[in-house]
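The structure under discussion appears below in the form of structure tokens.
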């Protein structure tokens, strides 16, 4: 068994293989010279300084040894030959496999500005987090480019550290994972209450500075003086090494509903586009829990031959300015109706429905009620109390 990628999806695949009784050799390779680590803490506890960087590790060398997992660090895969079942690495090694799991994740989308300027960052890896933390000692003002989850988390973390923050988003709305723009008014209010300057419907188009950034120019013409810029403008699946493999990598590694991309080849995590059996459309879901659940399905399929009977249900959580936000299911419906608490109190649970069926649940500072309400997903929506307020 060869697993390319040593983050959540790769480690979860290896661990579940052992849990399911897989007796063969397992080799996991990763392009970073680090133990597998979780990414969510990078924009939360690591950014704020609450945790040292090593706290993000997901395992110890002793735990890998106990499971009989061989971890090869600092080794990037550069090509795959599925017919010969060989992965070639940057060092020129040919690694043969019986079954391959692609778990190479995604990389931060780099901005088209700031090359060579100090104080310009992305936040995706431990190295990114270390570099950003080092710059915080002297920074006073930050421009965060990107109105998604990561941009909001970075903005909140930097405000907590006392920096003045301008959050710039090309979209006129703040978007939060699978909840999309449904929570945008509430998140915008949260940012403004904590002093974040929101510039939505604009984007950073250029930076000024000699050796270090000194100002950012926005598409609307404003120039904002700043000594720190963090770009959170999305990510791209790490599929470049598969370009000559013959696999469909049109939107990540395209797989069936069990993560199978080709005979003997599976994919899981941020790099994988699993086909939804209901719609027939491949889609990537970039959340840590989804990566772990896909990995478990892949490992069970490999170890036991069992056909999965259910797809992972997307789950996401974030914390902004002490407010815990949780999202379960798919929230592409047209309304968000409270079923517990109320928005004015800052504590509520709401349901998303489409075509008479509850498709998703959102929790806002009510984790216990949220856990209970998750059982509604997939059930008819007629039980919703329409007398309750609509989130707006």
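The values are calculated or read from the model by the stated rules, or taken from the named source; none is laboratory data. A quick note: this is a predicted structure, and the numbers were derived from the prediction, not measured. Virtual Cβ from ideal backbone geometry, glycine too; neighbours counted across all protein chains shown.
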Against the conditions (1) more than 22 Å from residue 268 (Cβ to Cβ); (2) surrounded by fewer than 20 Cβ atoms within 10 Å (Cβ to Cβ), where does residue 47 fall short? Just the number, please. (2)
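Being at pLDDT 95 or above, part of a strand (DSSP E or B), in contact with a helix residue (DSSP H, G or I) (Cβ under 7 Å, 6 or more places away or on another chain) and surrounded by 21 or more Cβ atoms within 10 Å (Cβ to Cβ), is that true of even one residue in region 222-234? Before the answer, list the steps.
Of all residues in region 222-234, those at pLDDT 95 or above come to 222-233.
From what's left, part of a strand (DSSP E or B): 223-225, 228-231.
The next check asks that each one be in contact with a helix residue (DSSP H, G or I) (Cβ under 7 Å, 6 or more places away or on another chain); those that pass are 228, 230.
Narrowing further to those that are surrounded by 21 or more Cβ atoms within 10 Å (Cβ to Cβ): 228, 230.
Yes, because at least one residue in region 222-234 is at pLDDT 95 or above, part of a strand (DSSP E or B), in contact with a helix residue (DSSP H, G or I) (Cβ under 7 Å, 6 or more places away or on another chain) and surrounded by 21 or more Cβ atoms within 10 Å (Cβ to Cβ).
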For residue 257, only one of the following conditions fails: (1) under 23 Å from residue 58 (Cα atoms); (2) part of a loop (DSSP other than H, G, I, E, B); (3) touching a strand residue (DSSP E or B) at 6+ places or on another chain (Cβ under 8 Å). What is its number? (1)
Please enumerate the residues belonging to region 1-29 that are in contact with a helix residue (DSSP H, G or I) (Cβ under 7 Å, 6 or more places away or on another chain), within 30 Å of residue 92 (Cα to Cα) and not in a helix (DSSP H, G or I). 1, 3, 22, 26, 28
Across region 318-334, what is the number of residues that are loosely packed, with under 15 Cβ neighbours inside 10 Å and modelled with pLDDT under 85? 2
The condition of being closer than 24 Å to residue 104 by Cα, at pLDDT 90 or above and touching a strand residue (DSSP E or B) at 6+ places or on another chain (Cβ under 9 Å) holds, among 370, 348, 315, only for 315
Go through region 190-221 and report how many residues are surrounded by 14 or more Cβ atoms within 10 Å (Cβ to Cβ) and not in a strand (DSSP E or B). 8
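One residue is enough: does region 56-70 have a residue meeting the conditions without any contact (Cβ under 8 Å) to a residue 60 or more places away in the chain, crowded, with 19+ Cβ neighbours inside 10 Å and not in a strand (DSSP E or B)?
Keep residues of region 56-70 that are without any contact (Cβ under 8 Å) to a residue 60 or more places away in the chain, which gives 57-70.
Checking which are crowded, with 19+ Cβ neighbours inside 10 Å leaves us with 64, 69.
Filter again for not in a strand (DSSP E or B), leaving 64.
There is at least one residue in region 56-70 that is without any contact (Cβ under 8 Å) to a residue 60 or more places away in the chain, crowded, with 19+ Cβ neighbours inside 10 Å and not in a strand (DSSP E or B).
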Which one of these is under 20 Å from the mean Cα position of the chain (by Cα) and closer than 17 Å to residue 313 by Cβ: 239, 279, 275? 275
Failed criterion for residue 306 (all others in (1) touching a helix residue (DSSP H, G or I) at 6+ places or on another chain (Cβ under 9 Å); (2) surrounded by fewer than 21 Cβ atoms within 10 Å (Cβ to Cβ); (3) in a strand (DSSP E or B) hold): (3)
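Check 138, 166 and return the single one that is in contact (Cβ under 8 Å) with a residue 40 or more places away in the chain, over 22 Å from the mean Cα position of the chain (by Cα) and in a loop (DSSP other than H, G, I, E, B). Explain how you work it out, then say what you get.
Working: 166 fails: in a loop (DSSP other than H, G, I, E, B).
That would be 138, the only listed residue that is in contact (Cβ under 8 Å) with a residue 40 or more places away in the chain, over 22 Å from the mean Cα position of the chain (by Cα) and in a loop (DSSP other than H, G, I, E, B).
In region 137-147, how many are modelled with pLDDT of 95 or more and surrounded by fewer than 24 Cβ atoms within 10 Å (Cβ to Cβ)? Don't jump to the end; show me each part of the working.
Looking only at region 137-147, we keep the residues that are modelled with pLDDT of 95 or more, and these are 139-146.
Still in the running and surrounded by fewer than 24 Cβ atoms within 10 Å (Cβ to Cβ): 139-141.
The total comes to 3.
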For the condition outside the structural domain of residue 135 (by TED's automatic domain parsing), at pLDDT 95 or above and surrounded by 17 or more Cβ atoms within 10 Å (Cβ to Cβ), what is the one hit in 262, 258? 262
